[in-house]
1. Pick out the one residue from 210, 206 that is open to solvent by 60 Å² or more (accessible area, probe 1.4 Å) and within 30 Å of residue 68 (Cβ to Cβ).
2. Identify, please: which residue in region 266-297 is more than 30 Å from residue 167 (Cβ to Cβ) and open to solvent by less than 30 Å² (accessible area, probe 1.4 Å) and is, among those, modelled with the lowest pLDDT?
3. Could you check how many residues of region 98-124 are outside any strand (DSSP E or B), in contact (Cβ under 8 Å) with a residue 40 or more places away in the chain and either open to solvent by 30 Å² or more (accessible area, probe 1.4 Å) or touching a strand residue (DSSP E or B) at 6+ places or on another chain (Cβ under 6 Å) (or both)?
4. Scan region 298-320 for residues that are small (Gly, Ala, Ser) and open to solvent by 10 Å² or more (accessible area, probe 1.4 Å) and jot them down.
5. Kindly state which strands (runs of 3 or more DSSP E) lie completely within region 321-425 and contain at least 3 residues that are more than 24 Å from residue 146 (Cβ to Cβ) and open to solvent by less than 10 Å² (accessible area, probe 1.4 Å).
6. Checking the conditions here, which among 179, 184, 197 is of a type in the set (D, E, K, R) and more than 24 Å from residue 63 (Cα to Cα)?
Amino acid sequence: MRFPARGGRLRDTFNRCVALTAVAGLALSGWAVWLEAEEHRDRQASRARITDACAGLADPDRVLGLHGGTARAVQGSDATQWFTKDTTPGRCVIYRVGEPGTTYGHFEMEVWTNPAELETNVVGAAVHPFQQQSRSDLTAPAPVDVTRRADHSPDYPLDNPGEDDGRLGHYNDDSVTFKVTCEKPKNDITSVNVRTKADYDDVSFTDRLTLIELAADAAYKAADHFDCTPEQRLPVAFARLWIPDTGLKAAASAEGSCRWYADFLRAERDDARLPDRALASPAGEHSFKEACLLAASPARVKRAWPTLSGESVPDLDDVLDDSPWHLQTDSFFGDEAREVTPTTFGDRGSRIEPGTAGQFSGSVWWASSICDGEPAVHTLGVSTSYADVAGPRLRALFRAYVDRVTAARDCENITFPSPSDLPSA
C-alpha cells in the first residue's frame, strides 16, 4: 500500500502509522469477535451435552460455572454414566475440556430412589476412611501420621432458615446429597435422592452453594417426574454453611455427633486402648444420617502396644502405616434405615433389617429403634486390626452410643444385640 505525501517525511510517516494502526485494530477486533463467537458456539454445544447427559435435571450454566467457569465440556463416554429420568439409579459425568486432547474432572450427579436397588449406606471394616493417607508406597515421607486427617470430611446437615435440623440433606468437602421425602409414597417410592459432586480439589464456598442449588433443583424435578409430592418444598436459601474439615481432633473434647464419646471417656478409668482422636459433625435434629469417626493416634498405639499379647497381635508398622486402629458409629433414620449394608460386597439380601440387632463378621454391630414413628438403625464398625484390641471395651462403648443417640431423638422400642453378639468384657 502506498500513501501520498501530505507535507514532509515526518508527516508522511505519521500518516502511515495511523493507517497501519487502524488496519491492525480492525484485524484484532475481527479476531475478538471470532473468539467470542467461537466461545458462544462452544458454550451452546456444552450446554446441550450437559442437558442430554443429565436428562435435563442439571442447569447447564451452573455446571459450566463451577471451578472458575468454562465454556467447553463433554459428557462421560462410558455407557453406564448415561441415564434418563425413567432409569434409576442413574449417573452423569461431565468433564472440563482443556488443551487439545485433554479433559479434567469437573462434575458428577447421581439420582436414585428409595427403596434403592444398589448399596447406599455401607458400614464396617471395608470402609477405610484413611486410604489416601496410608503409606502404600516407599516414596512417602516418614513418619506418617495416618489418622491425623481423613480422606473426606463428615457429612454436615443442610440448615434452612428457621429449620435447623438437616432433614433436607447434607454435604461434605466435595459433594452434596439432597433428599425429597414423599408425603404419600407412590409406586413404593419413599424418597428421591440426588448427589452432586465437584470432581476437583479445593471446592470453594461459592461452588458448594452451586452444588446445593444443583442438587435441590434436580431432586425436585425428579420428584415431580416420579409423582413424589414433597413433604415440604422450601426455597434453596440456607442459613449457614460450615467449612468442611477433615482433620481429627482430641476425642476428649469432641462435640456434635461425637460428644457421646467424650462423655464416655470421662467415665472410663483406663483408656489406654481407646481412640484418642475424633472427627465429628454438627448433629442435625432431623438428619437422616449421623456419623462419628474415632481413631488412635500413633502415640496412643505405641502406648498400648506393650500391653498386647497373643497370636492375633498385628505388626506395629502395619498398624501405623496401612491398617490404622479406628472405629465408626453411624445412625440412619427413616427410609435410610432400610438401606444399610455391612460390607462393600453385599447385595440386597445382606442388608440390615430395621427392628433387628446383631453382628456381622465380628466387625459390625447394630441396634434398632423407632424415632418419631420412623425406623432407625445404629451401627458400630471396627477396623480389622482393631477388633481384637478393642474387643473387651466394645460392649460398653456401643451401649453408651446407642443410649445417647436414642435419647437425643426420643426414640423408643430399642433393640440391642444379645450378650453373645458382642465381645465379652
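1. Checking each option against the conditions leaves just 206.
2. Applying the filter and picking the extreme gives 272.
3. Of the residues in that region, 6 qualify.
4. Result: 299, 309, 310, 312.
5. 364-371, 374-382
6. Answer to the selection: 184.
This table checks each residue for (1) in a strand (DSSP E or B); (2) free of Cβ contacts under 8 Å to residues at least 24 places away in the same chain; (3) in contact with a Lys or Arg (Cβ under 9 Å, 6 or more places away or on another chain).
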{"site": "242", "(1), (2), (3)": "no, no, no"}
{"site": "252", "(1), (2), (3)": "no, no, yes"}
{"site": "265", "(1), (2), (3)": "no, yes, no"}
{"site": "269", "(1), (2), (3)": "no, yes, no"}
{"site": "275", "(1), (2), (3)": "no, no, yes"}
{"site": "285", "(1), (2), (3)": "no, no, yes"}
{"site": "291", "(1), (2), (3)": "yes, no, no"}
{"site": "301", "(1), (2), (3)": "no, no, no"}
{"site": "305", "(1), (2), (3)": "no, yes, no"}
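Residue-wise test of (1) more than 28 Å from residue 190 (Cα to Cα); (2) at pLDDT 95 or above.
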site: 39; (1), (2): yes, no
site: 43; (1), (2): yes, no
site: 62; (1), (2): yes, yes
site: 68; (1), (2): yes, no
site: 74; (1), (2): yes, no
site: 84; (1), (2): no, no
site: 102; (1), (2): yes, no
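The values are calculated or read from the model by the stated rules, or taken from the named source; none is laboratory data. This one's a predicted model, so the numbers in the text were calculated from it and none came from an experiment. Don't worry about glycine lacking a Cβ; one is built from the backbone with ideal geometry, like all the others, and counts go over all protein chains shown. Protein only, heavy atoms only, side chains kept; ligands, DNA and RNA dropped before computing areas. Shrake-Rupley method; radii C 1.70, N 1.55, O 1.52, S 1.80 Å.
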